[in-house]
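Notes follow the structure.
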There are 2 protein chains.
Amino acid sequence: MSLIENGWYREMNEQWAGYSVGLKIDKILFEEKSNYQDIIVFKSTTFGNVLVLDGCIQCTERDECCYQEMIAHLPLSCHASPKNVLVVGGGDGGVVREVLKHNSVEKVTLCEIDDKVVEVCKKYLPNMSKSLDDKRCHVHIGDGVQFMKEHKDCFDVIITDAPDPIGAAKGLYEIDYYKCLKAALKPNGIICSQGENMWLDLDIVEKLLSGCRSLFPSTGYAYASMPTYAGGHIGFIMASTNPDIRFNDPVRTYTDTEVNKMEFSFYNTDLHRASFVLPTFAKKVLFPETKNGALHDKDT
Amino acid sequence: MSLIENGWYREMNEQWAGYSVGLKIDKILFEEKSNYQDIIVFKSTTFGNVLVLDGCIQCTERDECCYQEMIAHLPLSCHASPKNVLVVGGGDGGVVREVLKHNSVEKVTLCEIDDKVVEVCKKYLPNMSKSLDDKRCHVHIGDGVQFMKEHKDCFDVIITDAPDPIGAAKGLYEIDYYKCLKAALKPNGIICSQGENMWLDLDIVEKLLSGCRSLFPSTGYAYASMPTYAGGHIGFIMASTNPDIRFNDPVRTYTDTEVNKMEFSFYNTDLHRASFVLPTFAKKVLFPETKNGALHDKDT
């Protein structure tokens, strides 16, 4: 089944069967099967350039700020002084761009398995990939799990910017992957991973969060509004080996002036706090035994 | 251009050009042009029955809880004792169902212009329309503006459950409509209206909010995640003649036990508070001069 019909890109997927986000195509800019996945970049009529991997919309120029800012600033703002950061996946460079806005960061490593993604994004998504040439950024083309096995006790923050668990990224949603993340963290380090959609994938989120709870003393779940992702928002799974962390109460906060200076289009401190508050149906499944579960696991 | 192709309903609209939510159709249940609009009801494969008016998805059985609960409980929970409530539009009955969960409510009037919508929803959306037969509910088929002109100083809460401002409902997004709402409110009454999407319709939201500010001493803007509405969330515009009201701090709050008893699938008190916290890009446009505008106008 072609996902392109009558000039529209129609994202259809068994993970969210019967539901589809469509974007009108102005022009197909790139289409190729790499060693790992199908890559499409098209210019949409109203959302800017769009990157699609294995049939799933990864980012659009119009709304990428939500995903990149939240997945970066949620964990970084919960860490007193993040110096060494790892981004697994995220070959478009948008997360690296956000990580580098934090002055404490001395080094960020982008570990992307598919060099074709990096190459294509440098050409067609320049505002996302622009920071990949920063001297603090090291791009490593290779497998994230292997890289972490070679870098234990190393990172203050690890961000997993992965596609959905239906193709090449399936392994990034399994417990062994989270064990690997834990081993690669410095003491009191923080992880943040793409955490799917509460309306469409609550079973996946529940399984991921349960897995995290079996490994980490602190876990959390946040979400934010994202029109071009299936279901209209995207979730974020957070965990830390620090038992005293409160993910909904960041240790570093930003004034409006700082928000402007750091060029946050989406993120701000009030939104950070609010993003952990869940609708009743999700709270019941994800935090069934906590009195105030939507806010924090540790409120039990 | 047909919105039904290859077994999918594709919602396409100039208000959100180039973007489309699609739902797979199991079976078309009803299709007719009433005196006011095109009405379609279809059974979707994964979102239950779906009501479409003039080409716009109004509600699906799977995610209607978000819209109906938020547009009802946001204003009702900010009122100490709402007794007389008016719902303009909302012929599906879902908002009335939620309003009647509040024991203080003695009477709710549904003022729907199109009796065909009420008739169709009674047949195909029974869980939404079930409360229309409640003895506290009065269904009035007629024009909302005319009804309010005949009922001044009458309502504690008025909820405008309107389609988007592109068809029959265009007038419900103009300043004269808000003057009419204000005149129909009792002292310290509260209004809450469908408030579009921040990503797609920020200009419309800004205009509505500016209009409200010219009429009411207190205004607010909230939003919540809604997969089947264009852009993935839906906003809510609130206003009151009570200058001391704080919309993000409801006067009536609910314990988990009460949330269960009132059968809130989506709404809860923490979520009420969080729903007023806006992403930076929207905060800058909608609350440009407030220090903490995302939370409340009155924080200036």
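Please compute, for peptide B:276-287, the average count of beta-carbon atoms on other protein chains lying within 10 Å of each residue's beta-carbon. Walk me through the numbers before you get to the answer.
Values: counts 2, 9, 6, 13, 14, 6, 4, 6, 4, 0, 0, 0.
Per-residue shielding by partner chains comes out at 5.
For the pairs A:Lys284/B:Lys283; A:Lys107/A:Lys261; A:Lys283/B:Lys182, note any where the Cα-Cα span goes beyond 27 Å. Let's see the in-between values first.
Values: A:Lys284/B:Lys283 30 Å; A:Lys107/A:Lys261 21 Å; A:Lys283/B:Lys182 36 Å.
Those over the limit are A:Lys284/B:Lys283; A:Lys283/B:Lys182.
Ordered shortest first, which distances in nm separate the 7 Å Cα→C-beta label point of A:Ser214 from those of the other copies?
Copy-to-copy label distances for A:Ser214: 6.1 nm.
How crowded by other chains is A:16-25, given as the mean number of beta carbons from other chains within 10 Å of each beta carbon?
Average per residue, whole number: 6.
Considering every residue in B:191-200, what mean count of other chain Cβ atoms within 10 Å of its Cβ is obtained?
Values: counts 0, 0, 0, 0, 0, 0, 3, 2, 9, 3.
If you average over the peptide's residues, the count of other-chain Cβ atoms is 2.
Kindly express, to the nearest 10 degrees and within the range 0 to 90, the angle between helix B:202-215's C-alpha long axis and the longest C-alpha principal axis of chain B.
The helix B:202-215 is inclined about 40 degrees to chain B.
Rg/Rh for the protein assembly as shown: what does it come to with C-alpha atoms and Rh from Kirkwood? Each step should come with its number before you reach the end.
Values: Rg = 23.9 Å, Rh = 24.7 Å.
Rg/Rh for the protein assembly as shown comes to 0.97.
Helix A:175-184 sits at what angle to the longest principal axis of chain A, using alpha carbons and giving 0 to 90 degrees rounded to 10?
In chain A, helix A:175-184 runs at an angle near 70 degrees to the longest axis.
For labels at A:Ile175 and A:Glu150 in the simple 7 Å Cα→Cβ model, what's the distance in nm?
If labels sit at A:Ile175 and A:Glu150, their model points lie 2.9 nm apart.
Could you run the Karplus curve 6.51 cos²θ - 1.76 cosθ + 1.60 with θ = phi - 60° over the range A:45-59 and give me ³J(HN,Hα) per residue in whole Hz, x for Gly and Pro?
6, 9, 10, x, 6, 10, 9, 10, 10, 6, x, 10, 5, 8, 6
Multiply the residue separation of B:Thr255 and B:Ser81 by 0.36 nm, subtract the distance between their alpha-carbon atoms, and state the gained length in nm to one decimal. All intermediate terms of the calculation are to be shown ahead of the outcome.
Numbers: separation 174, 0.36 × 174 = 62.64 nm, distance 1.79 nm.
Net length gain for the segment: 60.9 nm.
Which aspartates and glutamates does B:Lys179 reach when only Cα atoms under 18 Å apart count, and residues fewer than 8 places away in its own chain are ignored?
Within reach: B:Asp143, B:Glu150, B:Asp153, B:Asp156, B:Asp161, B:Glu206.
Give me the distance in nm between label points sitting 7 Å out from Cα along the Cα-to-Cβ direction at A:Lys207 and A:Lys135, one decimal.
Rounded to a tenth, the inter-label distance reads 4.6 nm.
Could you give the length gained on full extension between B:Glu263 and B:Glu289, defined as 0.36 nm per residue of separation minus the Cα-Cα distance, in nm?
On the way: separation 26, 0.36 × 26 = 9.36 nm, distance 3.86 nm.
Here the answer is 5.5 nm.
Going out from 0 in 10 Å bins, what whole percent of all Cα-Cα distances in the range A:2-60 drops into each bin?
23, 58, 18, 0
So what are the radius of gyration and Dmax for the Cα set of the range B:64-286, in Å?
15.9, 45
From the residues B:Leu181, B:Thr241, B:Ala282, which one has its Cα farthest along the dipole of the range B:64-286 in the positive direction, the dipole being from +1 and -1 charges on Cβ of Lys/Arg and Asp/Glu about the Cα centre?
The listed residue farthest towards the positive side: B:Thr241.
So, with +1 on the Cβ of K and R and -1 on the Cβ of D and E, and no other charges, what is the size of the charge dipole of the protein assembly as shown about its Cα centre, to the nearest 20 debye? If you can, show how the numbers build up before the last one.
Numbers: 64 positive and 84 negative charges, 234 e Å.
The calculation lands at about 1120 debye.
Using the alpha-carbon centroid of each, what span in Å lies between the range B:69-93 and the range B:203-263?
Measuring centre to centre over Cα atoms gives 11 Å.
A 28 angstrom limit on the alpha carbon distance is what I want to check against. Which of A:Lys43/B:Lys27; A:Lys33/A:Lys123; B:Lys27/B:Lys116; A:Lys152/A:Lys207 exceed it? Intermediate values should be presented prior to the final figure.
Working: A:Lys43/B:Lys27 34 Å; A:Lys33/A:Lys123 17 Å; B:Lys27/B:Lys116 20 Å; A:Lys152/A:Lys207 25 Å.
Violating the 28 Å limit, Cα to Cα: A:Lys43/B:Lys27.
Among DSSP beta bridges whose residues both lie in the range A:64-286, state the antiparallel percentage, nearest 5. All intermediate terms of the calculation are to be shown ahead of the outcome.
Numbers: 13 of 33 bridges.
Expressed as a percentage, antiparallel bridges in the range A:64-286 total about 40.
Could you identify the residue of B sitting closest to the B-A rotation axis by Cβ and state that distance rounded to whole angstrom?
Nearest-to-axis residue on chain B, with distance in whole Å, is B:Gly232, 1.
Once the label point is set 7 Å along the Cα-to-beta-carbon vector, what list of distances in nm do you get between B:Val251 and its counterparts in the other copies?
Spelled out, the distances from B:Val251's label point are 4.2 nm.
So the label point sits 7 Å from Cα along the Cα-to-Cβ vector; using that for A:Gly171, what distances do you get to the other copies, in nanometres, sorted shortest first?
6.4
If you fit an axis through the alpha-carbon atoms of helix B:64-77 and take the longest principal axis of the Cα set of chain B, what angle between them do you get, 0 to 90°, nearest 10?
Between the helix axis and the principal axis of chain B, the angle is about 20 degrees.
Quick note: the coordinates plus some simple rules give every number you see, no bench work behind them. For clarity, every value in this text was computed on a predicted model and none was experimentally measured. All Cβ positions, glycine included, derive from the backbone under ideal geometry; neighbour counts span all protein chains shown.
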